[in-house]
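Undergrad: First the structure, then my questions, so here it is.
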Amino acid sequence: MYDEARYLMSGDKGLVVEFGNEISEPVNEKVRGMYLAIQKSQMPGIYELIPTYRSLLIQYNPLEIEIDSLIEKLSEIEKDLGAIDLPKPRIVEIPTIYGGEFGEDLGFVAEHNGLSEDEVIKIHSSIDYRIYMLGFTPGFSYLGGMSEKIATPRLKTPRTKIPGGSVGIAGKQTGIYPMESPGGWQLIGRTPVKLYDPASETPIILRAGDYIRFIPIDKDEYDYIHDLAGKKQYKIKIVTE
Amino acid sequence: MKDIVIINPGLYTTVQDRGRWGYQEYGMPVTGAMDDYSLRLANILVGNDEYDAVLETTLNGPEISFNTDVVAAITGANMVPRVNGYTVPMWRSLKLSKGDVLSFEMAREGTRGYIAFAGGLDIPPVMGSRSTYVRGAIGGYEGRKLKSNDEIDLRDKNLPIEQLADRIIPPQYIPQYEDSCIIRVIPGPQDDYFTEESIEKFFNSEYEITKEADRMGYRLSGPQLIHKAGADIISDGINLGSVQVPGHGMPIIMMSDRQTTGGYTKIATVISSDIPVMAQLKPGNKVRFEKIDIREAHKVLKEYENKIKEIKDYVNSYQLNTAGMKRYNLKIEGVSYEVMVEEIV
């Protein structure tokens, strides 16, 4: 982590506040803190914030706020970051059915790591994963914290079609495909929950700084939730601890 | 039958407005019209909100027929618009009548044309925008580019059409599209990842737009840029106009359909008011990059916005004086035409 944040120009309408050059929870927590503090300040001229692993891209209108004044105000906010108590991160529960037709590669992941399928499920669902950022495709979250015990290389030949909701492993990462797309991740399960629904009032539920908790479910529960989600009646459980 | 019928969609025609802002933190690309200037002027001409949804055409315009009287304005690339086979002016609002057919040719200058309709397009907004995001299959017309036989209604049909027709953009505000141009950029956010020689090369060389140039980004070719120690960074935010340089050392300019984050170094960012210039370039065209200071860039942006405001005031206050003109209805080979004739003294 840097002693002081770096302010980098991203064009005439963008300013990057960079807190470090590493993927770590403390750095990402700074990004979250800055994001929340700027939102709370309701500073004029700022129209969008993009939090990422170690920096925050601030999109501003220079006709509403001058660059010098913007940097000055942001530096003040940054100085106070250590002193303010951030709200506890949200933990979003993602019901997930593991293995079988829903996670075709669970067997391979188990074999690759010398574990049983149940052990893989247990390890995968026993940790809360921090969402460092969203990107790549709408609703795709970059998660951190997966146990190396279940790390598995990507498929040699990527699949052309992966159903939305698929949960996969690629190297030391785990993630969920928010919508149908091609991809090379080892698929270990699937969630019936819709993580991306452009027609919904909250099109994307996950936010940077949240944690994801995978909750293993069986086929009956999967069908039940899938049915509710299809009717837009399923409410994703979000807890704070 | 709806008001507007697409007979032939042209190469790549989509519905676009200013874009889907507010969701980048969730990984949702902004999209929106590539050429902000042409978008806004087209809408100003027909009396719409500056950022209302229009049709964005690419290289080869569509063929459209109308089932109602409409006022339309065509801006951007010169695709030689014709109504019922007769050429009509661009950068001017035109009254089109029920049964008219609007057609285009291949672009002579520029790449992207814009067609705005008074009253706007009746396209349902998705996440606050009518812009089409083709890769994500949302927004615009069923989330895709237009096809033959697609039909679109006008949103507001009760407009004073006569008053909105024949409004013009003064000639000094009509852009000239060149095959090579200078694009102003602000260095950073990762200019420090490049060798000094490479930075110098970037600012003193000509780069060509390759065939890999679409709404997402323009891949350029030219002198290779060398990183001090690798092209990969920990993924961070991408802005409109970000100039990404992956390991191969060739710049990529990120445009409207850009992804929100990325893991390549960004040597510089194109300033907002030069994005419309970029948007009109096509493969084979050449660019040179010129460094501009952030404060200078903000002055340029202010001038750009003032210019658009001036145009808007002008268009709204001025109307072609048709009082001294004579209107005739001509019938040629069974088709009726309304013709205005001005006596030249």
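Undergrad: Might you check whether a residue that is within 24 Å of A:Thr137 (Cα to Cα) and aliphatic (A, V, I, L, M) occurs anywhere in region B:280-298?
TA: no
Undergrad: While we're on this one: Working only within region A:1-55, note down all residues that are within 10 Å of chain B (Cβ to nearest Cβ) and closer than 15 Å to A:Glu76 by Cβ.
TA: Once the filter is applied, which keeps residues that are within 10 Å of chain B (Cβ to nearest Cβ) and closer than 15 Å to A:Glu76 by Cβ, region A:1-55 yields A:Tyr7, A:Leu15.
Undergrad: So which residues in region B:210-249 are surrounded by fewer than 18 Cβ atoms within 10 Å (Cβ to Cβ) and farther than 28 Å from A:Val31 by Cα?
TA: Correct list: B:Thr210, B:Lys211, B:Glu212, B:Asp214, B:Ser221, B:Pro223, B:Gln224, B:Ile226, B:His248, B:Gly249.
Undergrad: For region A:10-44, which positions are in a helix (DSSP H, G or I) and hydrophobic (A, V, I, L, M, F, W, C)?
TA: A:Val27, A:Val31, A:Met34, A:Leu36, A:Ala37, A:Ile38
Undergrad: Against the definition (within 14 Å of chain B (Cβ to nearest Cβ) and part of a loop (DSSP other than H, G, I, E, B)), how does A:Thr157 come out, yes or no?
TA: When the stated conditions are applied, A:Thr157 does not pass them.
Undergrad: Does B:Asp274 count as among the charged types (D, E, K, R), touching a strand residue (DSSP E or B) at 6+ places or on another chain (Cβ under 8 Å), more than 10 Å from every other protein chain (Cβ to nearest Cβ) and surrounded by 14 or more Cβ atoms within 10 Å (Cβ to Cβ)?
TA: no
Undergrad: Moving on to the next point. Return the residue satisfying two criteria in turn: it lies in region A:196-224 and is among the aliphatic types (A, V, I, L, M) and more than 16 Å from A:Tyr132 (Cβ to Cβ), and of such residues it is modelled with the lowest pLDDT.
TA: Only one residue tops the list, namely A:Ala199.
Undergrad: While we're looking at this one, here's another question. Any residue that is surrounded by fewer than 18 Cβ atoms within 10 Å (Cβ to Cβ), more than 10 Å from chain A (Cβ to nearest Cβ) and of a type in the set (Gly, Ala, Ser) - is there at least one of those in region B:277-287?
TA: Yes, there is a match, as at least one residue in region B:277-287 is surrounded by fewer than 18 Cβ atoms within 10 Å (Cβ to Cβ), more than 10 Å from chain A (Cβ to nearest Cβ) and of a type in the set (Gly, Ala, Ser).
Undergrad: For A:Ile131, which of the numbered conditions (1) within 14 Å of another protein chain (Cβ to nearest Cβ); (2) outside any strand (DSSP E or B); (3) modelled with pLDDT of 95 or more fails to hold?
TA: All conditions are met except number (2).
Undergrad: Moving on. What are the residues in region A:76-96 that are part of a helix (DSSP H, G or I) and either within 12 Å of chain B (Cβ to nearest Cβ) or in contact (Cβ under 8 Å) with a residue 12 or more places away in the chain (or both), if any?
TA: Passing the criteria: A:Ile77, A:Glu78, A:Asp80.
Undergrad: What is the residue count in region A:135-154 for residues that are away from chain B (no Cβ under 14 Å) and in contact with a helix residue (DSSP H, G or I) (Cβ under 9 Å, 6 or more places away or on another chain)?
TA: Going through region A:135-154 one residue at a time, the tally reaches 8.
Undergrad: List pairs: first residue in region B:86-104 and over 12 Å from B:Val70 (Cα atoms), second residue assigned to a strand (DSSP E or B) anywhere in the structure, Cβ distance under 6 angstrom, at least six positions apart or on different chains.
TA: B:Val88/B:Leu94; B:Met90/B:Ile74; B:Trp91/B:Thr75; B:Arg92/B:Ile168; B:Ser103/B:Glu63; B:Ser103/B:Arg82
Undergrad: Being of a type in the set (Gly, Ala, Ser) and assigned to a loop (DSSP other than H, G, I, E, B) is the filter; apply it to region A:170-211 and report the residue that is surrounded by the fewest Cβ atoms within 10 Å (Cβ to Cβ).
TA: Looking at residues that are of a type in the set (Gly, Ala, Ser) and assigned to a loop (DSSP other than H, G, I, E, B), I get A:Ala199.
Undergrad: Looking at B:Asp36, B:Asp3, B:Asp17, which one is more than 28 Å from B:Asp313 (Cα to Cα) and among the charged types (D, E, K, R)?
TA: Step by step, each of B:Asp36, B:Asp3, B:Asp17 is checked, and only B:Asp3 is more than 28 Å from B:Asp313 (Cα to Cα) and among the charged types (D, E, K, R).
Undergrad: I'd like the full set of residues that are facing chain A (nearest Cβ under 9 Å) and either over 20 Å from B:Glu25 (Cα atoms) or crowded, with 23+ Cβ neighbours inside 10 Å (or both), limited to region B:250-268.
TA: B:Thr260, B:Thr261, B:Lys266, B:Ala268 - these are the residues of region B:250-268 that are facing chain A (nearest Cβ under 9 Å) and either over 20 Å from B:Glu25 (Cα atoms) or crowded, with 23+ Cβ neighbours inside 10 Å (or both).
Undergrad: Among the residues of region B:219-245, write down those that are within 14 Å of another protein chain (Cβ to nearest Cβ), touching a strand residue (DSSP E or B) at 6+ places or on another chain (Cβ under 6 Å) and not in a loop (DSSP other than H, G, I, E, B).
TA: If the condition is that a residue be within 14 Å of another protein chain (Cβ to nearest Cβ), touching a strand residue (DSSP E or B) at 6+ places or on another chain (Cβ under 6 Å) and not in a loop (DSSP other than H, G, I, E, B), then B:Asp232, B:Ile233, B:Ser235, B:Asp236, B:Gly237, B:Ser242, B:Val243, B:Gln244 are the ones that fit.
Undergrad: Scan region B:285-298 and give yes if some residue there is of a type in the set (S, T, N, Q) and under 21 Å from B:Asp179 (Cα atoms), otherwise no.
TA: Yes.
The values are calculated or read from the model by the stated rules, or taken from the named source; none is laboratory data. All figures in this text were calculated on a predicted structure; none of them were measured in a lab. Neighbour counts run over all protein chains shown; Cβ positions are idealised from the backbone, glycine included.
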